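No value in this document is a laboratory result; all are computed from the given coordinates. Values in this document were obtained by computation on a predicted structure and should not be read as measured data. Note that each Cβ is placed from the backbone with ideal geometry, even for glycine, and that neighbours are counted across all protein chains shown.
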Amino acid sequence: MKYLVMVQGSQADYDAMNGKASERYPAWTEDDVQAMFAFMEKINEGLVRSGEMLDGHGLAEPARTRFVTAGEDGRPVVADAPYDRTETLIAGYWVLDCDSLDRVTEIAARIAQCPVPEGSPDYPVVIRPILESGRDI
């Protein structure tokens, strides 16, 4: 079965990764950032070797997000940042093809061990099964 596995983050997290601390978000050092990237690279390499990884990417900071909704007149309403800088959004994802929910949960548990500076917020790794057809709802 295919699964979408997501990690979360906020603009404040991205700012912290760029060395800008705030109340709940300690500044990351270059070593912290490199440790995180090395950890994720190792996860990705293992998933490619096992044949379970179909796709995966980190996403740009929330400040570069665009939200599009339908206006009352049916025309799109576009907003660049209707969120608080600490609101969490998807920070990265993997599309995995795993034999079972237990297996993808094992992978998510490994991802959850990603090194971050002490005092950083703790976000869950989110697993969502990908529906193969509308009949799976």
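Quick notes on this one:
- So Gly74, is it within 23 Å of Gln34 (Cβ to Cβ), exposed (fewer than 13 other Cβ atoms within 10 Å of the Cβ) and not β-branched (Val, Ile, Thr): no
- Per the listing Glu87, Glu61, Glu41, the residue uniquely under 22 Å from Tyr14 (Cβ atoms), surrounded by 10 or more Cβ atoms within 10 Å (Cβ to Cβ) and either aliphatic (A, V, I, L, M) or in contact (Cβ under 8 Å) with a residue 60 or more places away in the chain (or both) is Glu87.
- Strands (runs of 3 or more DSSP E) contained in segment 28-137 and holding at least 3 residues within 19 Å of Met17 (Cβ to Cβ): 53-58, 89-97
- Test result for Trp28, over 17 Å from the mean Cα position of the chain (by Cα), surrounded by 16 or more Cβ atoms within 10 Å (Cβ to Cβ) and touching a residue at least 12 places away in the same chain (Cβ under 8 Å): yes
- Pair list, Cβ under 7 Å, 6 or more apart: segment 94-110 residue over 11 Å from Ile127 (Cβ atoms) and without any contact (Cβ under 8 Å) to a residue 12 or more places away in the chain, other residue surrounded by 15 or more Cβ atoms within 10 Å (Cβ to Cβ) and among the small types (Gly, Ala, Ser): none
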